[in-house]
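The values are calculated or read from the model by the stated rules, or taken from the named source; none is laboratory data. Please read all numbers here as calculations on a predicted model, not as lab measurements. Positions of Cβ are generated from backbone atoms using ideal geometry, with glycine treated the same way; all protein chains shown enter the neighbour counts. When the accessible area is computed, the model is the full protein with side chains, heavy atoms only, and any ligands, DNA or RNA have been set aside. Shrake-Rupley method; radii C 1.70, N 1.55, O 1.52, S 1.80 Å.
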Amino acid sequence: MAFIKINKQNFYHNLNQIALKTGSVEKIAIVLKDNAYGHGLELMGKLASEFGIRHAVVRKTSEAAVIRSLFETVLILGDSIIKDEVYSFTINTLEDIRKAQKGAKVELKVDTGMHRNGIALDELDEAFNLIKEQGLDLTGVMTHYRSADELSSEFFWQQKQFERVKARVKEAGFTNVRVHSHNTAAILRTKSFDEDLVRVGIGVYGYNELPDLFDEVVLRPVMSLHAKKISRKVLKAGERIGYGGDFIASHDMMVSTYDLGYGDGWSRGNSAQPYITSEGLPVLGRVSMDSISLESEKEEVCVMNDAQTAAKRFGTISYEVTTALSAGIPKEVI
């Protein structure tokens, strides 16, 4: 079966690069949602914990339960809000506050300009009052930047909006509230960091999506994707491969089939512009549900060792390439 290699040294290198920006490992909250961006929730949680990371971010309580014992705090971005010693829950709407269980730890997400989720600025006073009335424990206030990975003034505009939010939290009488707004792009471009946490996702997995105009922070891909040979055969000149026979052999060639396909979350792509593996082998014809064909006799091939490079070939982003991969693909740490 196809398999994934997780490079522990590269992972720790990336965490070190982020720690140099924050000034402390203790300020890193690793984002482990969506199966740790396809890298393996429990596996990456354990590696992060061993490195000294104390905080994690996930999407659902079911994810949090898998890594609960590894971290001091786990922020859950979207689920029913319950009282728990380890979990805190994101408040995206006033209705979230009304439905929350009394005594639950909550972190108020404020919409400073992304206009996706979060409490509007003109709803803040009502949100503060409801939190007090419902007996909730406000442990954090947060926002999310819509253009941190672009060279524009919007990033600074949202930062100013968030500064006002932090002031209003204090004015409302809340204390011991951690503040966090930075994602990977924001922390990589920041010269001085003065918040309590950074929520870092794609960066720890090895990808810097900032334009070249920004100071480069060298990150190293953590994941590589490999496939094993199923069968091989000699293809004669003029013979075709796979569905539709899109690939026509120009010469006699040795072709092997490998156990990776779109059923595993690998992109089907466009056979007219074939994907080329990290070993320089073009995919021959269409990607099947469970297999690809390559001109190779190797028992194993490395299909991808850099999701950013693969994403450019597929016309997408590194996030989609890694998170699309099936959680059932075996993983090994190297």
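Tallying residues that are aliphatic (A, V, I, L, M), surrounded by 14 or more Cβ atoms within 10 Å (Cβ to Cβ) and touching a residue at least 40 places away in the same chain (Cβ under 8 Å) within the range 137-168 yields 3.
Within the range 239-250, one or more residues are open to solvent by less than 30 Å² (accessible area, probe 1.4 Å), more than 24 Å from the chain's Cα centre (by Cα) and in contact (Cβ under 8 Å) with a residue 40 or more places away in the chain. Consider the range 169-192 and keep the residues that are aliphatic (A, V, I, L, M) and farther than 15 Å from Leu108 by Cβ. The one that is surrounded by the fewest Cβ atoms within 10 Å (Cβ to Cβ) is Ala185. Taken over the range 253-287, the criterion of being of a type in the set (A, V, I, L, M), in a strand (DSSP E or B) and open to solvent by 50 Å² or more (accessible area, probe 1.4 Å) is satisfied by Met254, Ile276. Restricting attention to the range 10-42, the residues that are touching a residue at least 60 places away in the same chain (Cβ under 8 Å) and surrounded by fewer than 16 Cβ atoms within 10 Å (Cβ to Cβ) total 1. Taken over the range 72-87, the criterion of being in contact (Cβ under 8 Å) with a residue 24 or more places away in the chain and either crowded, with 22+ Cβ neighbours inside 10 Å or more than 27 Å from the chain's Cα centre (by Cα) (or both) is satisfied by Leu75, Ile81. With respect to Val200, determine if the residue is open to solvent by less than 60 Å² (accessible area, probe 1.4 Å), within 16 Å of the chain's Cα centre (by Cα) and not small (Gly, Ala, Ser). So Val200 fits the description; yes. Of the residues that make up the range 94-114, is at least one under 23 Å from Trp157 (Cα atoms), modelled with pLDDT under 95 and open to solvent by 20 Å² or more (accessible area, probe 1.4 Å)? Yes: the range 94-114 contains one or more residues that are under 23 Å from Trp157 (Cα atoms), modelled with pLDDT under 95 and open to solvent by 20 Å² or more (accessible area, probe 1.4 Å). Scanning the range 288-306 for residues that are within 11 Å of Trp266 (Cα to Cα) and not in a strand (DSSP E or B) returns Ser288, Met289, Asp290, Ser291.
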